[in-house]
Every structure is written in C-alpha cells, then in structure tokens.
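Structure, as structure tokens:
Quick note: the coordinates plus some simple rules give every number you see, no bench work behind them. What you see is a predicted model; the values in this text were computed from it and never measured. Neighbour counts run over all protein chains shown; Cβ positions are idealised from the backbone, glycine included.
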C-alpha cells in the first residue's frame, strides 16, 4: 500500500508535516523574541520611571477588563482549534468543520474587541511611557490575533475542500500550535499591562535635561570694558 500523498505537493504527508512543523516552530521562536523584547521594555520603563514620565496624565491607566476579555477569547480559540484537531484524528468530518467556523468567528470578534480597546484608551500613544508601551503590547496582541484569524480561516477553507482530513490532519495541528503561542503572548501582555501600572520608583532619575550657563561669566567682560572707555572719553575732551 503506497503512502498517502499530499494533495498540494504530491509528497508523502509525513514529509510535508515534518517540514511544516519545523517552519511553525521557527516562526514561534522568532515571534517570541519580539514579544519578550516588548515585555522587557515595558518592565524597564515601569521600574525606572525616568523623569517621572511613566504614568499617563491624571494616572488614568487602562481598564484591565478588556485585557482579560481579549486573553480569554484568544485562549478559547486555541482550545477550539485543538478540539477540532482531536476530532479529525478520530475520523470526524462535519464536527471539525463546524469547530473551525466557530473558531474563525470567535477570533474575528476578539480582534474587534482589541481594536475597540485601543480606540477607547483614556490616553494617547504619546501620553507617557506607560501609554506608548501599552499601545505596543496591544498592537502585538492585534497582530497575533490577525495571524490566527488568517490561519483559522485557512483551516476552515481547507477542511471544506478536503485538503485537511482525518488522513491528513497535520495542518490543523500546526495552526492550533501557533494559536496556543498567540494566547500565551497575549496573556503575558495583559498581565504586564494590568498589574504593572503605578511605578514602584518614587525617586525617579533625571536624564536629558539641559541646564543653561549662569550669566556670571558674561558680566565680567562688561565691567572690564568700562575702565578702557574712560581714557578715550578723556582724550576726546
């Protein structure tokens, strides 16, 4: 009995699955480096509070509720995608298709919530270090949700076309893997932005403030010039 071939490349499905799995892991590792950089920058600005520039005007920090709504939505999407994959392994066809459709709708709704949150912040992106760092964390969450949305819609379309099936379920698993990482990244951003608000550094350092020179040095030449003017005036007289 010949090995099952991929309908897109003609290679054995196991070969394609191994190659795709390596690609997804490399994408997750690359993605994680950027996410960690954002979190480190947030924690650094929060702890240092340079020039007392961390807090937004009037200490109007963001409401933590929507952070956790977005986190819950992303986690539920990942769970649905894993559920659909498990059903595929057990030979299901209609149920994985319905679950992929539900996951696609849910990730779209979660992305809308994320956009609404950013548009209703009580501060602008330039209103302090907290504001700019929080905007970047939310932009990162929106990018993760956008990628998961495209992948979930891909699972839906390919399942309908029979390209993802009980005999070839690896793509559904890889999408569930990335959705799991996206949920973890969104959770970390929500944790930082909702718990690390008021800076613990009350004696913040001061950097970058220019101090103009004192006028004492400029006063000396004027006093020295006055005796020189007296001989000229006396000779003229």
Once you put a point 7 Å from the Cα of residue 153 and another 7 Å from the Cα of residue 126, both along the Cβ direction, what distance in nm separates them?
-> 3.4
Calculate, in nm to one decimal, what residue 195 and residue 90 gain on full extension: separation in residues at 0.36 nm each, minus their alpha carbon distance.
-> 33.6 nm
Based on the mean of other beta carbon atoms within 10 Å per residue, what is the order of 58-71, 11-24, most packed first?
-> 58-71, 11-24
At a Förster radius of 35 Å, what calculated FRET efficiency corresponds to the Cβ-Cβ distance of residue 4 and residue 72, to the nearest 0.05?
-> 0.40
Inter-site label distance for residue 115 and residue 22 at 7 Å from Cα along Cβ, in nm = 3.8
Return the FRET efficiency for the residue pair residue 58, residue 143: r is the Cβ-Cβ distance, R0 is 25 Å, and the value is rounded to the nearest 0.05.
-> 0.25
Grab the beta carbon distance between residue 202 and residue 41, set R0 = 22 Å, and tell me the FRET efficiency rounded to 0.05.
-> 0.55
Rounded to one decimal in nm, the spacing of the 7 Å Cα→Cβ label points at residue 50 and residue 160 is 5.1
